[in-house]
Amino acid sequence: MTALPANDFPPAPPSIIDDAPLRALNTFGIDARAHRLVTLTDARTLPAALDACGPDGPALILGGGSNLLLTRDIDGAVLRIASRGRAIVEQAGDDVIVEAAAGEPWHPFVQWTLAQRLFGLENLSLIPGLVGASPIQNIGAYGVEMADRMRSLLAIHLRTGESRRFDASECRFGYRDSVFKHGDGPQWLIASVRFGLSRRADPRPGYGDIGAELQTRGIDASTATPPQIAEAVCAIRRRKLPDPALIGNAGSFFKNPVLPRRQAEALRQAHPDMPVYPAGDGHAKIAAAWLIEHCGWKGFRDGDAGVHPQHALVLVNYGHARGAELLALARRIQDSVRQRFGVAIEPEPRVI
Ligand SMILES: Cc1cc2nc3c(=O)[nH]c(=O)nc-3n(C[C@H](O)[C@H](O)[C@H](O)COP(=O)(O)OP(=O)(O)OC[C@H]3O[C@@H](n4cnc5c(N)ncnc54)[C@H](O)[C@@H]3O)c2cc1C
């Protein structure tokens, strides 16, 4: 399943639980159940895990559950990826290729790279979830995205059993998008991911509040080291984003819409304070948070489903909201943004 060096222990069989609760396995804290939950802890036992999922294979591959909205119970099997392992697999001068198994938690993996003095992932610190899901939506934050750092990944096709290495160009990365979200894409199980990192620091402190955060720490942005940038990013994220351990959420629920530049300009003329960013190729990106806030949704609450009071982009579960209630709220928000601004906003998490 992965090219990572196998450990010396005998392969651990997958664990199997029937009628399993999923509440603790998704960051929205949605109380859904799986007909069967198969947890893969050792990549070598993937065939056994797939067998345990039954003849139809897994109905859902689950990582950290931080980009998922479950609106129903899962009738089939959920295959939870918890395979671990990380290693340096190639070095040439300052350039180093690191591989991590799909079940490695993302943020500890980033910290491990920094502890090895391998640089490049620091701006992506503290994103929830696991390594295996990171290419699916081309995770990004603070001016860096997966597409900038990923070299290749190893994937297994759930129906055919084909094992294939995708390089970055074959992943067709876009803004919160990749080949794995379209057509046959969800049939590929990502087993491990390789990253191209460097022993030479190339810090990117110029995005968002990183410079200001460094300044409050007495650090000059022009001399900041990657670990200092990672610490700054963590501090900003801890301050700004709701912790799913305290309040259920999946981060930004909507993507920023990308529009033809002419349409974006017309909107800005009508609403001069609307943030508009260049998005290349005659297109512009507008801030979904601004659209939602200006439709009056920020802080809205209906039962236990709501919009975070400080983050218009973040839908929250205040306790026992059902997935269907959060989805209904998302649709109301989409409808009102379409009516008021003529713009379609799309959910970022996968809705099941
Ligand atoms: C508080 C908060 C902040 C966030 N901030 C950011 C951010 O700054 N930037 C950003 O990009 N995202 C952000 N996210 C979203 C989320 O953390 C990322 O999308 C993350 O990569 C999801 O990983 P996961 O393991 O939890 O995936 P899951 O939610 O388990 O799965 C997401 C999708 O990937 C599929 N999948 C998972 N693992 C595999 C695999 N091994 N093979 C094939 N398919 C798989 C699932 O079937 C599902 O379709 C945030 C989320 C939260 C809760």
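The values are calculated or read from the model by the stated rules, or taken from the named source; none is laboratory data. Because the structure is a prediction, the values reported are computed rather than measured. All Cβ positions, glycine included, derive from the backbone under ideal geometry; neighbour counts span all protein chains shown. Areas reflect the complete protein model, heavy atoms only, side chains present, ligands, DNA and RNA absent. Shrake-Rupley method; radii C 1.70, N 1.55, O 1.52, S 1.80 Å.
Inside segment 113-127, can you point out the residues that are closer than 21 Å to ALA191 by Cα, assigned to a loop (DSSP other than H, G, I, E, B) and more than 10 Å from the chain's Cα centre (by Cα)?
Hit for segment 113-127 is LEU121, nothing else.
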Exercise. Right, ARG159: within 29 Å of LEU241 (Cβ to Cβ) and of a type in the set (Lys, Arg) or not?
Worked result: no
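Among the residues of segment 132-141, is any more than 8 Å from the ligand (Cβ to nearest atom) and in contact (Cβ under 8 Å) with a residue 60 or more places away in the chain?
The first filter runs over segment 132-141 and keeps only residues more than 8 Å from the ligand (Cβ to nearest atom), leaving 135.
Then drop every residue that is not in contact (Cβ under 8 Å) with a residue 60 or more places away in the chain, which leaves none.
No, the conditions are met nowhere in segment 132-141.
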For this session: Given the conditions (1) at pLDDT 95 or above; (2) buried (at least 17 other Cβ atoms within 10 Å of the Cβ), report the number of the one that SER169 does not fulfil.
Result: (2)
Problem set entry | Yes/no for ASP31 being assigned to a loop (DSSP other than H, G, I, E, B), surrounded by fewer than 23 Cβ atoms within 10 Å (Cβ to Cβ) and in contact (Cβ under 8 Å) with a residue 40 or more places away in the chain | yes
For this session: Just need a number here: residues in segment 52-82 that are over 16 Å from ILE17 (Cβ atoms) and more than 9 Å from the ligand (Cβ to nearest atom).
Result: 7
Exercise. Quick one: in segment 187-210, which of the residues that are within 13 Å of the ligand (Cβ to nearest atom) and in contact (Cβ under 8 Å) with a residue 40 or more places away in the chain is most open to solvent (accessible area, probe 1.4 Å)?
Worked result: TYR207
For this session: Quickly run through segment 83-95 and pick out the residues that are at negative phi, of a type in the set (Gly, Ala, Ser) and surrounded by fewer than 20 Cβ atoms within 10 Å (Cβ to Cβ).
Result: ALA87, ALA92
Seminar exercise, completed: Counting only helices (runs of 4 or more DSSP H) wholly inside segment 128-246, the ones holding at least 1 residues that are outside the structural domain of PRO55 (by TED's automatic domain parsing) and in contact with a Ser or Thr (Cβ under 6 Å, 6 or more places away or on another chain) are 146-149, 226-240
Exercise. Within segment 96-112, is even one residue open to solvent by 20 Å² or more (accessible area, probe 1.4 Å), touching an Asp or Glu at 6+ places or on another chain (Cβ under 8 Å) and outside any strand (DSSP E or B)?
Worked result: no
